[in-house]
Amino acid sequence: MTIVPMQERHLDALAELEQLCFVHPWTRAGLAAELESDTALFLAAEDETGEAVGYVGSHVVCGECYIDNVAVHPNCRGQGIALAILTELIRLVREQNGVFLTLEVRESNIPARRLYEKLGFSEAGRRRNFYTDPKEDALLLTLTLTD
């Protein structure tokens with residue numbers, strides 16, 4: 001597996017991944033627009049054939065990294081792909097002298113919460129009824145990069 005910046009050649013696979021993983025998926029056009037964004041930091045995980053099997057989408061503004069999505073193809077879960085993608089994102093944000101990374105996660109998404117905790121994220125707050133289908137709170141998790 002290789003972690004690379006998201007490129008146009010990844011868009012079809014990532015749009016399909018969005019459909020598989022999320023109730024309100026990003027479209028191919030929405031993902032494509034991020035290729036032109038100065039603040040976007042999107043990384044794709046490629047398998048040995050070069051197919052995108054996971055990704056992280058984020059935006060970095062003034063050293064603050066806001067993670068929009070983390071997704072791994074259901075057939076590829078449990079292989080450390082999300083850990084690899086997020087580890088690379090953290091490395092890149094540190095390299096850019098980033099201050100913190102933050103994200104929302106469904107309260108019931110225990111596997112994701114364990115992964116974020118393993119990476120050093122801690123709960124910073126809660127957004128009541130943030131998610132729909134089903135309605136659920138979001139936990140705000142933050143990883144501070146400065147001492």
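Entry remark, region 38-77: residues being within 19 Å of GLU95 (Cα to Cα) and more than 15 Å from the chain's Cα centre (by Cα) number 4 in total. Applying the criterion of at least 2 residues that are without any contact (Cβ under 8 Å) to a residue 60 or more places away in the chain, farther than 16 Å from GLY63 by Cα and open to solvent by 60 Å² or more (accessible area, probe 1.4 Å) to the strands (runs of 3 or more DSSP E) found wholly in region 84-147 leaves 122-131. Of the strands (runs of 3 or more DSSP E) contained entirely in region 1-80, those carrying at least 1 residues that are open to solvent by less than 30 Å² (accessible area, probe 1.4 Å), at negative phi and touching a helix residue (DSSP H, G or I) at 6+ places or on another chain (Cβ under 8 Å) fall at 40-46, 52-61, 64-72.
The values are calculated or read from the model by the stated rules, or taken from the named source; none is laboratory data. All values derive from a computational prediction rather than experimental measurement. Here Cβ is always computed from backbone atoms with ideal geometry, including for glycine, and neighbour counts include all displayed protein chains. Heavy atoms of the whole protein, side chains included, go into the accessibility calculation; ligands, DNA and RNA do not. Shrake-Rupley method; radii C 1.70, N 1.55, O 1.52, S 1.80 Å.
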